[in-house]
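Student: After the structure tokens below, expect a handful of questions from me.
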Amino acid sequence: MNRIQAAVAGGIGRPGVAAALRRWVADDTRVKRLLTARRWMSRAYFEARYLVPDPWRLATSSYERRRFQASMDMLAGRRYGCALEVGCGEGIFTVLLRDRCDHVVALDFSSLAVRRARRRLAGTPGVEVRSLDVRVADPGGAFDLIFCAELFYYMSRREFDDVAARMVRWVAPGGDLCLVHGTSVHDAGPRADGAGAIGEMSARAIHDRFCRAPDLSVIHDRRLPRYRLTLLRRLEAPRG
Ligand SMILES: C[S@@+](CC[C@H](N)C(=O)[O-])C[C@H]1O[C@@H](n2cnc3c(N)ncnc32)[C@H](O)[C@@H]1O
């Protein structure tokens, strides 16, 4: 644990500063609106969130457990060769995903999250954790499954459009793309352009964009009260 982490954990330094930092990076609409102002800002935001381990309580929250189960149910019936998880965080869902896939490439742009994911998955064969910002680089190769949860609303519209177009091409012919994004906050008060109350992106704008992609067909599109889950499949051969 470095000095900043120790300070935030309350071990050393001024507790008032650590508490203020924790408040600043807590899930807050003002912070999220700032995220897309500069490219580096969203990465700095996530690094700050990960100063505290498991910032979204994925390992302990019953809501998150149900969301993970609903995500796995979405994938039921298929076993995948090589999967890509985009925005894997500390690798908590990656452990479940590995049960359905022969090989998983899990990536994230937060160095703290990647370090913890590597530690968590160290004894799990067939998992590779990579540090990568999908706004600036491709993972390389084609994947039988791409899984992406709670990621895109931290991007600007322009970044999202670019990543979405490239991500469709990362899906192997006949492969699946699974998206999961929360709706209760992000779709509140949608504007005519589909943007939500937080940032520019909403689950509706994100999932609808992929559902319109000409090379993908919608297999399932579940709109639950708090999140939307969509499973899309890439055609064996491009249309047209
Ligand atoms: C809200 S967390 C969601 C974590 C996990 N996917 C889940 O569903 O609980 C978003 C994750 O995406 C990562 N992330 C955000 N933007 C990214 C980018 N451009 N490239 C790679 N990872 C990114 C963050 O570091 C963070 O771990």
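The values are calculated or read from the model by the stated rules, or taken from the named source; none is laboratory data. Being a predicted model, the structure only gives us computed values, none of them experimental. Using ideal geometry, Cβ is built from the backbone for each residue, glycine included, and neighbour counts are taken over all protein chains shown.
Student: Just name the residue that is nearest to the ligand (Cβ to nearest atom) out of those in the range 38-66 that are under 14 Å from Y227 (Cβ atoms), in a helix (DSSP H, G or I) and within 16 Å of the chain's Cα centre (by Cα). Reasoning before the result, please.
Tutor: The initial filter retains those residues of the range 38-66 that are under 14 Å from Y227 (Cβ atoms), namely 56, 58, 61, 63-66.
Remaining after also requiring in a helix (DSSP H, G or I): 63-66.
Add one more test, that the residue is within 16 Å of the chain's Cα centre (by Cα), and what stays is 64-65.
Details: E64: 7, R65: 11 Å.
My answer is E64.
Student: Which one is nearest to the ligand (Cβ to nearest atom) among residues in the range 99-115 that are part of a strand (DSSP E or B) and surrounded by fewer than 20 Cβ atoms within 10 Å (Cβ to Cβ)? Please lay out each step first, then the result.
Tutor: The initial filter retains those residues of the range 99-115 that are part of a strand (DSSP E or B), namely 101-108.
When the remaining residues are screened for being surrounded by fewer than 20 Cβ atoms within 10 Å (Cβ to Cβ), the result is 102-103.
Values: D102: 21, H103: 19 Å.
Restricting to residues being part of a strand (DSSP E or B) and surrounded by fewer than 20 Cβ atoms within 10 Å (Cβ to Cβ), the top hit is H103.
Quick grid of which residues meet (1) over 15 Å from the mean Cα position of the chain (by Cα); (2) modelled with pLDDT under 95:
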| position | (1), (2) |
| --- | --- |
| G91 | no, no |
| R100 | yes, no |
| A113 | no, no |
| R116 | yes, no |
| A122 | yes, no |
| R157 | yes, yes |
| G175 | yes, no |
| V180 | no, no |
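Student: Taking the conditions exactly as written (of a type in the set (A, V, I, L, M, F, W, C), surrounded by fewer than 20 Cβ atoms within 10 Å (Cβ to Cβ) and touching an Asp or Glu at 6+ places or on another chain (Cβ under 9 Å)), does A165 satisfy them or not? Give the derivation first.
Tutor: On the way: of a type in the set (A, V, I, L, M, F, W, C): yes; surrounded by fewer than 20 Cβ atoms within 10 Å (Cβ to Cβ): yes; touching an Asp or Glu at 6+ places or on another chain (Cβ under 9 Å): no.
Considered against the rule, which asks whether it is of a type in the set (A, V, I, L, M, F, W, C), surrounded by fewer than 20 Cβ atoms within 10 Å (Cβ to Cβ) and touching an Asp or Glu at 6+ places or on another chain (Cβ under 9 Å), A165 comes out as no.
Student: May I ask you to list pairs of residues, at least six apart or on different chains, whose Cβ atoms are under 8 Å apart, with the first in the range 33-56 being farther than 27 Å from R119 by Cβ and modelled with pLDDT under 90 and the second being of a type in the set (D, E, K, R) and surrounded by fewer than 19 Cβ atoms within 10 Å (Cβ to Cβ)?
Tutor: R39/R135
Student: Give just the number: which of (1) assigned by TED's automatic domain parsing to the domain that holds Y227; (2) within 29 Å of R158 (Cα to Cα) does R100 not satisfy?
Tutor: So the condition that R100 fails would be (2).
Student: Within the range 120-170, which residues are within 12 Å of the ligand (Cβ to nearest atom), closer than 15 Å to L35 by Cβ and basic (K, R)?
Tutor: R135
Student: Sort through Q69, Q5 and tell me the only one that's modelled with pLDDT under 65 and in a helix (DSSP H, G or I).
Tutor: Values: Q69 fails: modelled with pLDDT under 65.
Answer to the selection: Q5.
Student: I would also like to ask the following. May I ask you to verify whether A197 is surrounded by fewer than 17 Cβ atoms within 10 Å (Cβ to Cβ) and modelled with pLDDT under 95? Don't jump to the end; show me each part of the working.
Tutor: Working: surrounded by fewer than 17 Cβ atoms within 10 Å (Cβ to Cβ): yes; modelled with pLDDT under 95: yes.
Yes, satisfied.
Student: Just a yes or no: is a residue in the range 77-98 part of a helix (DSSP H, G or I), farther than 22 Å from L232 by Cβ and more than 9 Å from the ligand (Cβ to nearest atom)?
Tutor: Pass one, the range 77-98, residues part of a helix (DSSP H, G or I): 92-98.
Keeping just the survivors that are farther than 22 Å from L232 by Cβ gives 92, 95.
Narrowing the set further to residues that are more than 9 Å from the ligand (Cβ to nearest atom) leaves 95.
Looking for residues that are part of a helix (DSSP H, G or I), farther than 22 Å from L232 by Cβ and more than 9 Å from the ligand (Cβ to nearest atom), one finds at least one in the range 77-98, hence yes.
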